[in-house]
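The values are calculated or read from the model by the stated rules, or taken from the named source; none is laboratory data. Here the structure is a predicted model, which means the values were calculated and not measured. Ideal geometry is used to build each Cβ from the backbone, glycine not excepted, and the neighbour counts take in all protein chains shown.
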Amino acid sequence: MEEDKELEKLKQKKLNEIINKIKIQHSQENPRMILKSKLVDRGEEVLEIAEKSYPNETKAIIKKLSELIKQGKIQNSISGGELLSLFRNLGLNFSVSTSISVSKDGKITSLSDKLKNKE
């Protein structure tokens with residue numbers, strides 16, 4: 001019987017150590033990496049441009065978004081357009097270069113080149 005109690009104490013101690021390691025890992029996770037795991041389309045590109053344009057503000061936004069992701073309040077993916085919209089709604093205006101391409105007969109050309117050739 002005493003061996004069973006000793007074994008249970010050892011199991012509990014080991015379990016507590018594992019739980020503490022997991023807590024430490026979660027507390028040390030990089031907020032930017034948490035956010036990047038949810039970004040799709042051109043989300044990473046928008047994030048990088050935002051960091052260059054507004055480094056301090058973007059850092060605070062990344063922290064808050066990562067907290068919301070960890071809490072499960074943000075479960076879906078975040079597209080580049082949605083992220084850009086968020087920054088603009090917060091008053092952080094910057095531009096992201098955009099191009100439109102057209103595919104015809106297996107060739108991809110930019111819309112501007114296509115329009116130039118028709119003139």
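Quick one: count up the residues across region 27-44 that are aliphatic (A, V, I, L, M), in contact (Cβ under 8 Å) with a residue 12 or more places away in the chain and assigned to a helix (DSSP H, G or I).
Counting residues in region 27-44 that are aliphatic (A, V, I, L, M), in contact (Cβ under 8 Å) with a residue 12 or more places away in the chain and assigned to a helix (DSSP H, G or I) gives 2.
Can you name the residue in region 68-101 that is touching a strand residue (DSSP E or B) at 6+ places or on another chain (Cβ under 6 Å) and either loosely packed, with under 13 Cβ neighbours inside 10 Å or assigned to a helix (DSSP H, G or I) (or both) and, of all such residues, is modelled with the highest pLDDT?
77
Can you list residue pairs whose Cβ atoms sit under 6 Å apart, with the first residue in region 45-65 being touching a residue at least 24 places away in the same chain (Cβ under 8 Å) and the second being surrounded by 16 or more Cβ atoms within 10 Å (Cβ to Cβ) and among the hydroxyl-bearing types (Ser, Thr, Tyr)? Count only pairs 6 or more apart in sequence or on different chains.
Correct list of pairs: 50/58.
Being hydrophobic (A, V, I, L, M, F, W, C) and either touching a Lys or Arg at 6+ places or on another chain (Cβ under 6 Å) or under 28 Å from residue 31 (Cα atoms) (or both) is the requirement here; does residue 86 meet it?
yes
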